[in-house]
Amino acid sequence: MESGPITGPVLTDGVAGETVPRSADLSGVPAKPNPAAATGEIGGTFWRRFVLRRPLVALILQRLGLSVGLLFAVSLMIFGGIEALPGDFATTYLGQSATPQAVENIRKDLGLDRPWSERYLSWLGGAVKGDFGTSWASKNSVSEQIGNRLGNSLFLAFFAALISVPLAVGLGMLAVQFRNRLPDKIINVISLAAISLPEFFIGYLLIMFFAVQLGVATFPATVYDSMTLSERLSAIALPVATLVLVVLAHMMRMTRAAILNVMSSAYVETAELKGLGTFRIIARHAAPNAVAPVINVIALNLAYLVVGVVVVEVVFVYPGMGQYMVDAVTVRDMPVVQACGLIFAAFYIFLNMAADILAILANPRLRHPR
Amino acid sequence: MPDLLSVKNLKIEATSYPPGEPPKVVTLVEGVSFNLEKGKVLGLIGESGAGKSTIGLSALAYGRGGVRITGGEVLLNGRDILKLDRGGINSVRGCHVCYVAQSAAAAFNPAHKLGDQVIEASLRHGIMSKEDAKKRALYLFRVLGLPNPESFGERYPHQVSGGQLQRAMTAMALCPNPELIVFDEPTTALDVTTQIDVLAAIKHAIEETHTAALYITHDLAVVAQISDDIMVLRHGKTVEYGTTKQVIEAPKEDYTRALVSVRQTKRDEASDQSGTLLKIDHVHAAYGNGFKVLHDVSMHLSKGQTLAIVGESGSGKSTLARVITGLLPPTEGRITFDGKELPKALKGRTNEELRRIQMIYQMADTAMNPRQTVRDIVGRPLSFYFGMHGGKKTERVGELLDQIEMGSRFLDRYPAELSGGQKQRVAIARALAARPELILCDEPTSALDPLVAEGILNLLMKLQEETAVSYVFITHDIAIVRAIADSVAVMHRGRLVRFGPKSKVLSPPFDDYTDLLLKSVPEMEIGWLERVLKTRRMESAGN
């Protein structure tokens with residue numbers, strides 16, 4: 001598996017400036033029900049009739065189905081990708097001078113002599129039940145080890161999200177209100193600087209200032225089972241700050257662009273001609289229509305917080321999924337790599353699906369059919 | 001009685017940024033003055049670019065985009081609202097002066113219920129309590145004749161029709177009990193049969209509430225029904241300003257006279273309607289999702305003549321054009337062209353079959369590649385159908401440009417450098433280049449100002465005389481039908497209501513729908529609206 005993007009989340013759709021590439025009110029909602037058809041004569045299959053009568057339920061069911069299908073496809077790709085990797089556990093484990101017989105024995109022990117389709121099906125069958133097999137290196141249950149690590153990773157991601165999402169949306173709205181004036185420019189420059197620096201660099205900078213020179217923060221950020229909640233929080237302060245800085249800019253700029261796009265619409269002019277104040281216009285008339293694109297970018301960044309923390313975990317020596325996976329890759333511990341890959345993919349797909357469904361729900365045309 | 005609104009010597013400018021040149025300050029409005037008493041209606045009329053919307057918005061001290069009010073005074077109850085700060089302006093907007101936009105569909109926020117949007121300004125300005133505002137909204141929904149007024153406010157903008165939205169927008173403007181409402185072309189986007197209802201509702205509501213209004217439109221016949229005074233504008237300057245009676249019945253300026261007499265051309269139909277060119281036989285059509293749009297439509301057109309297909313939006317008239325071109329193959333029925341059945345789908349037709357039927361669209365803008373010159377646009381069918389190139393092609397393009405009364409000096413212009421009427425003329429030249437026998441015209445004049453539209457219609461008729469080309473002319477405008485058609489098909493909800501020679505279709509006895517359609521077309525006559533409404537009431541009382 002890959003080790004995650006290096007410089008933070010990629011700017012999807014090339015959003016860097018003022019414009020939102022997709023239409024703001026409908027992005028993320030490709031299928032629109034035909035309004036004429038709802039009242040007219042409706043032909044076709046049962047599913048087609050269902051789509052026309054209950055567009056919302058149909059769309060959500062469609063998304064759920066797609067996500068499950070996608071997850072199976074990804075599981076196949078992970079397994080296939082790992083099969084295709086050069087080198088194997090046996091040679092790495094025994095070293096260069098191992099006899100062919102010893103290598104053969106280990107391969108037999110691990111069941112590597114069976115055809116790959118058979119191994120895939122038995123792995124998948126276990127994975128569906130939550131059993132990811134046994135680690136080749138430590139001979140422990142993968143599920144048990146991951147359970148611990150995943151909790152740590154989610155703990156970190158949760159606090160990073162808790163701070164970054166409201167902050168990004170708030171700053172985005174603030175930037176719109178002071179559009180092209182000093183506060184907007186300051187917010188833009190700082191967030192751009194933060195997104196431009198690789199996260200390991202930001203991480204080391206933070207360590208240098210706050211842990212080494214000022215001595216106010218804890219480093220390394222290793223957490224143990226025996227720690228209290230407050231001890232844990234102080235331990236993760238620096239990694240959380242790093243993650244927030246990395247994901248903030250993307251969400252903030254998207255919020256700003258989406259709201260600005262809506263601000264040029266006729267209904268915002270109507271609001272202005274009603275004599276409403278700027279903040280009410282932004283919060284009540286612009287924001288609800290900018291929700292769909294903003295939710296999408298938030299979901300993407302949340303997914304990054306879970307999936308892409310590998311580098312940050314390594315920098316801060318934080319015992320999460322990312323570090324576990326990197327260790328497993330170096331020793332070719334395939335069951336662990338596969339399990340981590342599948343869990344990361346599941347998070348990614350689930351968050352994107354959630355964003356899609358929320359964007360559908362945010363569209364009044366689908367929520368209140370004619 | 002002191003004037004409610006007094007505009008003195010208004011000057012409005014905007015900065016334009018032509019590519020590759022330094023920014024340019026353009027004067028949009030200059031030296032415009034008028035007065036409006038309480039409870040009176042002033043009509044502002046002019047073609048696009050006359051500055052009428054800009055003037056209307058100045059009553060709210062608002063400039064769209066980069067538009068700035070740079071001179072003059074806008075006195076509301078004697079106070080110059082141009083001198084107010086942001087907070088002062090906000091206390092005028094939505095409280096003393098309200099605005100009704102042209103496209104209510106875009107002007108309502110899709111995310112909120114109509115009722116909440118209607119009462120929002122009243123609540124935010126502290127004019128009334130929520131209970132009172134709701135009661136007033138209900139009252140206004142009733143006055144404006146909206147269906148189910150009790151539950152209307154619970155609906156979202158996409159759940160009601162365009163005409164209802166326009167009335168809801170009027171209710172929204174009336175709700176805070178303003179002294180002045182600016183109506184910016186409130187009925188332009190509506191069908192005629194809907195327009196008359198909205199017009200009547202607006203007139204009734206402003207009379208009922210004694211609200212003054214600025215009524216902006218490009219249709220003199222509409223403004224004659226509703227306003228006390230009329231100001232005619234052109235290029236941002238006043239052409240004529242007087243009472244409605246004086247402007248309509250005794251216009252002083254040539255420009256006003258042209259506006260009053262526009263669209264009064266009538267042509268007699270051809271007496272011999274044999275020699276069929278196009279025959280549409282029991283055609284049914286449906287969209288991909290199974291929704292049927294055309295039901296059993298049959299009509300025919302003679303060589304060298306014009307068939308006008310008239311109907312409202314959603315009547316299936318443009319769909320029929322798509323069926324004729326083959327873009328939407330019919331599910332049943334057939335189309336015969338010059339005695340031979342046409343393959344149903346576009347793909348099945350030969351180049352020769354394609355050449356003989358050409359099309360002109362409503363929006364010439366979107367039907368032309370903005371990066372091609374007039375030479376390329378008109379020359380393309382010449383090389384495609386006739387293999388012309390080089391000097392011969394240029395010569396032929398020049399001829400075509402002469403035919404559309406533009407001339408070869410336009411050869412190297414881009415569409416962006418042409419006016420709306422010129423673009424439509426180029427589109428006509430492109431259609432003519434293929435030497436077609438039939439041109440399908442899909443509302444080619446409905447996006448144009450009346451005088452420009454008249455020029456296009458005259459051109460089309462001249463070309464018909466010269467080249468004997470036939471037209472299928474799709475329109476919603478009865479005046480155009482009167483002007484150019486030989487035979488007429490009236491369509492409603494995908495069905496053919498009436499078909500025959502013009503004289504027969506447009507004279508009694510009528511079916512109900514044609515009757516309604518004909519009676520809904522505004523006439524250049526003061527008191528027309530009252531007369532129509534009165535006969536309607538009598539008819540409904542008689543039933």
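Overview of values
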{"read-out": "Expected-Rg normalisation [2.2 N^0.38 Å, Cα atoms] applied to the protein assembly as shown", "value": "1.18"}
{"read-out": "Å² of accessible area per residue within the protein assembly as shown, as computed with a 1.4 Å probe and no ligands counted", "value": "45 Å²"}
{"read-out": "Cα gyration tensor shape for chain B, rounded if a/c is under 1.5, else prolate or oblate", "value": "prolate"}
{"read-out": "Cα convex hull volume per residue for the stretch B:276-513 (Å³)", "value": "125 Å³"}
{"read-out": "Which of B:M461, B:T475, B:L382, positive extreme of dipole for the stretch B:360-493 (C-beta unit charges)", "value": "B:L382"}
{"read-out": "Estimated [θ] at 222 nm from DSSP helical runs (n ≥ 4, -39500 (n - 2.57)) normalised by residues in chain A, nearest 500", "value": "-21500 deg cm²/dmol"}
{"read-out": "Chain A: most fluctuating residue of A:T330, A:T45, A:T270 per GNM, C-alpha cutoff 10 Å", "value": "A:T45"}
{"read-out": "The protein assembly as shown - charge dipole about Cα centre, Lys and Arg +1 at Cβ, Asp and Glu -1, debye rounded to 20", "value": "520 debye"}
{"read-out": "For the pair B and A, total buried accessible area rounded to nearest 100 Å², probe 1.4 Å", "value": "2900 Å²"}
{"read-out": "Within-13-Å neighbourhood charge of B:D191 [Cβ basis; K, R +1; D, E -1]", "value": "-2"}
{"read-out": "Rounded to whole Hz, the Karplus (6.51, -1.76, 1.60) HN-Hα couplings of the stretch B:57-67, x for glycine and proline", "value": "5, 5, 5, 10, 6, 10, x, 6, x, x, 7"}
{"read-out": "Helix-only [θ]222 nm of chain B, DSSP H runs n ≥ 4, -39500 (n - 2.57) each, per residue, nearest 500", "value": "-11000 deg cm²/dmol"}
{"read-out": "Positive-end residue of A:L66, B:P23, A:L174, charge dipole of the protein assembly as shown with Cβ unit charges", "value": "A:L66"}
{"read-out": "Centre separation in Å (Cα based) which lies between the stretch B:296-356 and the stretch B:75-96", "value": "56 Å"}
{"read-out": "Sequence-separation-based contact order of the stretch B:276-513, relative, with Cα cut under 8 Å and 6+ spacing, percent", "value": "29 percent"}
{"read-out": "Contact order relative to length of chain B, as percent, for alpha carbon pairs under 8 angstrom and 6 or more apart", "value": "15 percent"}
{"read-out": "Lysines whose Cα lies under 28 Å from that of B:K392, excluding same-chain neighbours fewer than 8 positions away", "value": "B:K423, B:K462"}
{"read-out": "Cα gyration tensor category, rounded, prolate or oblate, for the stretch A:216-360 with a/c compared to 1.5", "value": "prolate"}
{"read-out": "Debye, to nearest 20: dipole size of the stretch A:142-367, +1 on Lys, Arg Cβ, -1 on Asp, Glu Cβ", "value": "940 debye"}
{"read-out": "Folded to 0 to 90 degrees: helix B:374-386 orientation relative to chain B principal axis, Cα", "value": "30 degrees"}
{"read-out": "Rel. contact order, % - alpha carbon contacts under 8 angstrom, at least six apart, the stretch A:162-303", "value": "31 percent"}
{"read-out": "Shielding score for B:95-101, defined as the mean number of other chain Cβ atoms within 10 Å", "value": "3"}
{"read-out": "Cα centroid separation, the stretch B:432-509 to the stretch A:250-316 (Å)", "value": "49 Å"}
{"read-out": "For B:R322, net neighbour charge (Lys/Arg +1, Asp/Glu -1) across residues whose Cβ lies under 15 Å away", "value": "+3"}
{"read-out": "Qualifying lysines (Cα of each under 17 Å from Cα of A:K108; at least 8 residues distant if same chain)", "value": "A:K139"}
{"read-out": "Chain B: angle of helix B:192-209 to the longest principal axis, Cα-based, in degrees nearest 10", "value": "10 degrees"}
{"read-out": "The stretch A:344-360 - phi-based ³J(HN,Hα) in whole Hz, Karplus 6.51/-1.76/1.60, Gly and Pro as x", "value": "4, 4, 4, 4, 4, 5, 4, 5, 5, 5, 4, 4, 4, 5, 5, 5, 5"}
{"read-out": "Partners for B:K534 among aspartates and glutamates (Cα-Cα distance below 19 Å; same-chain residues under 8 apart left out)", "value": "B:D197, B:E207, B:E208, B:D512, B:D515, B:E523, B:E525"}
{"read-out": "DSSP beta bridges in the protein assembly as shown [antiparallel fraction, %, rounded to 5]", "value": "55 percent"}
{"read-out": "Cβ-based charge dipole, the stretch A:142-367, positive-most Cα from A:L358, A:V262, A:V336", "value": "A:V262"}
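The values are calculated or read from the model by the stated rules, or taken from the named source; none is laboratory data. Quick caveat: nothing in here was measured; it's all calculated off a predicted structure. Because the Cβ atoms are built from the backbone with ideal geometry, glycine has one as well, and the counts that use them run over all protein chains shown. The area values use the complete protein model at the heavy-atom level, side chains included, leaving out ligands, DNA and RNA. Shrake-Rupley method; radii C 1.70, N 1.55, O 1.52, S 1.80 Å.
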